[in-house]
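Engineer: One structure, pasted below without further comment.
The values are calculated or read from the model by the stated rules, or taken from the named source; none is laboratory data. This structure is a prediction, so every number in the text was calculated from the model and none was measured. Positions of Cβ are generated from backbone atoms using ideal geometry, with glycine treated the same way; all protein chains shown enter the neighbour counts.
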Amino acid sequence: MAWIAQFDTQMLRDGYTPTEAMVYGYLWWHIRKSKAVTCVYPSIWLMKKPLNISRISIIRAVDKLEKKWLIEVTRRYKQNNGYYVTDFDRYIPCSNYNPEMMYRLNS
C-alpha cells in the first residue's frame, strides 16, 4: 500500500516547492497520527521511501522548512533527528482537522 503525500496547496502559492510541501505534510501527518503534539524521529530513509524523493532533496527541504520556522529539528550524533511541527494551524494538509480534538486526546 502506497502512502499518498498530502499537503496544503497554499504552501505552493507561498513559494515552497512540492518537495518541501510533501516533507512538511509527511511530518505533520505523522505527528498527528501519534495523537500528541510531540516529536517524531523518522530517518531520511523512512521519509524517502513513501515520498519517492531523493535523500538530498529531503535534506534541502528540511533545511528550508527549518529556516522558515515551520519545523524544528533536534540533531543527535549517530541517531535519528527529532522533528517538531511548530504551528499546526498554518498549513493544514487535512480538511477535517480539529485542534480542540487534538488537545483533548493529549490530556
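Engineer: How many residues are crowded, with 16+ Cβ neighbours inside 10 Å, in a loop (DSSP other than H, G, I, E, B) and modelled with pLDDT under 85 if we restrict to the range 1-36?
Structural biologist: 3
Engineer: Restricting attention to the range 42-81, which residues are surrounded by fewer than 16 Cβ atoms within 10 Å (Cβ to Cβ), among the small types (Gly, Ala, Ser) and in a helix (DSSP H, G or I)?
Structural biologist: Passing the criteria: none in range.
Engineer: Does any residue in the range 71-95 that is farther than 17 Å from Trp29 by Cβ and in contact (Cβ under 8 Å) with a residue 24 or more places away in the chain come within less than 6 Å, Cβ to Cβ, of a residue that is assigned to a loop (DSSP other than H, G, I, E, B) and of a type in the set (Gly, Ala, Ser) six or more places away or on a different chain, and which pairs are these?
Structural biologist: Filtered contacts from the range 71-95: Asn80/Ser43.
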